[in-house]
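Worksheet: one structure, shown below.
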Amino acid sequence: LAGLLGALGLMTAGGAQAASPPGDAAFDGAYVYEVRCSSCHGKRGEGISLFGTPLRGNAFVTRGTPQSIGEAIHNGRAGEMKRYPDYAGMPRFQGIRAGELSALIAYLKTGLQK
């Protein structure tokens, strides 16, 4: 699984980070989602079988606090923390900067839900 995630360009705690975005894109939630999340959760948050749960219409995203969503992104959800047995689990994304994380969470809760 780790090799597959690496091949998909996903960043885990020990993995490589995506290239720096141009200009202010680092704090553009849609850009951060596209680069860091869409390969598992889908371009429009529809989810990708076995890899990432749907985020559009997901109660954890729509009703969850920014803090709880941020913790899930930073810490991942694997092993006993895993919520959906049919999916691989959420890897840890500890390399996301505070501004990126805030923009991503705002996008998850608003723009992705449209």
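Here is the figure for the stretch 46-78: residues that are closer than 12 Å to L104 by Cβ and among the small types (G, A, S) total 2.
Residues that are among the polar types (S, T, N, Q), more than 19 Å from A103 (Cβ to Cβ) and open to solvent by 60 Å² or more (accessible area, probe 1.4 Å) within the stretch 42-74 comprise just one, S49. Within the stretch 30-41, residues that are closer than 10 Å to E100 by Cβ reach partners that are acidic (D, E) with beta carbons closer than 7 Å, at six or more positions or on different chains, in the pairs V32/E100. Only residues that are farther than 20 Å from K82 by Cβ and touching a residue at least 60 places away in the same chain (Cβ under 8 Å) were counted in the stretch 43-65, giving 1.
Could you list, in sequence order, all residues of the stretch 75-97 that are open to solvent by 50 Å² or more (accessible area, probe 1.4 Å) and touching a helix residue (DSSP H, G or I) at 6+ places or on another chain (Cβ under 9 Å)?
Residues of the stretch 75-97 that are open to solvent by 50 Å² or more (accessible area, probe 1.4 Å), as a first pass: 75, 78-87, 90, 92, 94, 97.
Within the stretch 75-97, N75, M81, R83, Y87, M90, R92, Q94, R97 meet the criteria.
The values are calculated or read from the model by the stated rules, or taken from the named source; none is laboratory data. Everything quoted here is computed from the prediction, not taken from an experiment. We place every Cβ from the backbone using ideal geometry, glycine too, and count neighbours over all the protein chains shown. The area values use the complete protein model at the heavy-atom level, side chains included, leaving out ligands, DNA and RNA. Shrake-Rupley method; radii C 1.70, N 1.55, O 1.52, S 1.80 Å.
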